[in-house]
Amino acid sequence: MANYKVCVVGGAGGIGQPLSLLMAMDPNVSELCVYDLTLAMVPAEGVAADLSHLNHKAVVKGYAFDKDDRAIDKAEECLTGCSLVLIPAGVPRKPGQDRKDLLNINAGIAKNIVEACAKFCPDAVVALIVNPVNSVVPAMCELWKKKGLNPKKIVGITTLDCVRAEKFVHEVTGQPVGGISIPVIGGHAGTTILPLFSQDAAGATIPADKVPDLDKKVQDAGTVVVAAKNGKGSATLSMAFAGARLGRAVLSGLAGTPVTECAYVESTITDLPYFASKVTFGKDGVETVHDLGPLSDYEKGRLEALKPVLKEEIAAGLEYAAANE
Ligand code: NAD
Ligand code: LMR
């Protein structure tokens with residue numbers, strides 16, 4: 001096993017706390033930093049003190065920053081030496097909001113953090129959970145590239161869409177959930193979320209007339225959780241579970257055992273510059289962005305329909321980057 005330093009930014013938040021728990025349990029993690037604002041619901045130092053008692057090898061440290069301070073000025077000790085920074089910081093949506101309604105506030109938060117990463121851990125893989133992923137990731141990747149840094153280190157986390165698709169296919173088919181692997185491509189909002197049921201043995205058994213409803217169920221799953229939480233946040237526990245799956249894959253790749261997961265990254269496999277697809281994580285972060293593979297006629301139609309929507313959301317991110325250099 002390897003010994004990596006990992007930071008969870010927003011680590012005292014709804015996703016951040018369970019994600020910090022799961023990352024503290026990863027045998028490849030020797031140091032875990034929990035980073036949040038002083039106004040967080042629980043002090044980051046408290047989350048760290050709590051997690052420091054797990055009988056796992058990771059040393060856990062907490063860092064809290066005032067909202068008025070630019071993180072870049074304060075985060076040196078916390079970020080220096082990190083191999084992976086997971087970012088579940090930012091505001092979650094409320095019922096009636098779209099993810100894209102969060103762009104201005106959350107891109108500002110992400111920019112502050114990503115600039116700190118660029119300064120103190122420029123070799124780290126920076127994995128963004130913050131919504132709207134479809135726009136925030138392009139914005140942050142452009143910022144990263146302008147600093148001369150490697151875009152293969154910037155990753156948008158879409159693993160929750162795969163987790164959901166796999167659970168729903170298990171529920172419909174009764175096949176063992178551990179053997180189900182559904183790639184989810186495109187992006188992480190509404191119709192841009194495209195599960196490729198046809199590429200999994202269990203998923204491929206779903207009758208064609210049932211596929212559109214199951215596809216829609218995956219697209220709407222985040223909104224279902226937002227509605228059920230009734231104004232008190234969005235998915236946190238399932239997101240932490242999914243984020244840790246991605247985090248483990250990244251660390252495994254860095255340690256020399258490549259792992260493939262879907263993620264939203266800079267891409268040339270379609271005509272869009274950012275796209276979620278299967279990605280193999282290796283020693284330098286994103287090692288291979290895989291082709292889409294064979295699609296059913298339904299999936300081909302959905303792919304063409306989602307492209308203009310995703311294109312607009314990418315453009316919003318690029319505009320943000322251009323206006324906020
Ligand atoms: P939350 O409000 O519970 O936690 C967010 C945390 O971020 C808070 O503790 C807050 O203090 C912290 N924070 C805010 N600004 C910060 C800054 N500048 N530096 C450091 N920390 C900062 O929210 P949550 O439910 O954990 O959601 C976080 C984000 O994740 C939201 O944008 C949400 O939409 C997104 N999300 C994404 C996915 C996905 O699949 N990618 C899934 C669920 C939620
Ligand atoms: C999700 O898919 O659960 C997240 O993107 C949170 C949200 O706003 O739906």
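Computed values, structure above
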item	result
Links that overshoot a 20 Å alpha carbon limit, given the list Lys67/Lys111; Lys167/Lys216; Lys145/Lys307	Lys145/Lys307
The stretch 189-324: relative contact order in percent, alpha carbon pairs under 8 Å with at least 6 residues between	20 percent
Contact order relative to length of the chain, as percent, for alpha carbon pairs under 8 angstrom and 6 or more apart	17 percent
Note, ³J(HN,Hα) from phi for the stretch 203-217, Karplus 6.51, -1.76, 1.60, rounded to Hz, x at Gly and Pro	x, 5, 7, 6, x, 3, 6, 9, 5, x, 5, 5, 4, 5, 5
Candidate lysines - alpha carbon under 24 Å from Lys57, same-chain residues fewer than 8 apart omitted	Lys5, Lys283
Inter-site label distance for Lys307 and Met25 at 7 Å from Cα along Cβ, in nm	4.2 nm
Relative packing of peptides 78-87, 304-313 - highest average C-beta neighbours within 10 Å first	78-87, 304-313
Nearest-0.05 FRET efficiency for Ala204 and Asp291, computed from C-beta distance (R0 25 Å)	0.85
Peptide ranges 200-206, 242-248, 171-177 listed from the most packed, as the mean C-beta count within 10 angstrom indicates	242-248, 200-206, 171-177
Segment Glu76-Asn150, extension gain: residue separation times 0.36 nm, minus the distance between their alpha carbons	24.6 nm
Segment Thr280-Asp213, extension gain: residue separation times 0.36 nm, minus the distance between their alpha carbons	21.2 nm
Stretch gain in nm, segment Thr268-Glu171, where the contour uses 0.36 nm per residue and the Cα spacing is subtracted	31.5 nm
Computed E for Asp68/Glu325 - FRET, C-beta separation, R0 30 angstrom, nearest 0.05	0.85
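Values in this text are rule-based calculations from the coordinates and carry no lab data. Bear in mind that the values here come from a model prediction, so they are computed numbers and not experimental data. So basically every Cβ, Gly included, is an ideal-geometry build from the backbone, and we count neighbours across all protein chains shown.
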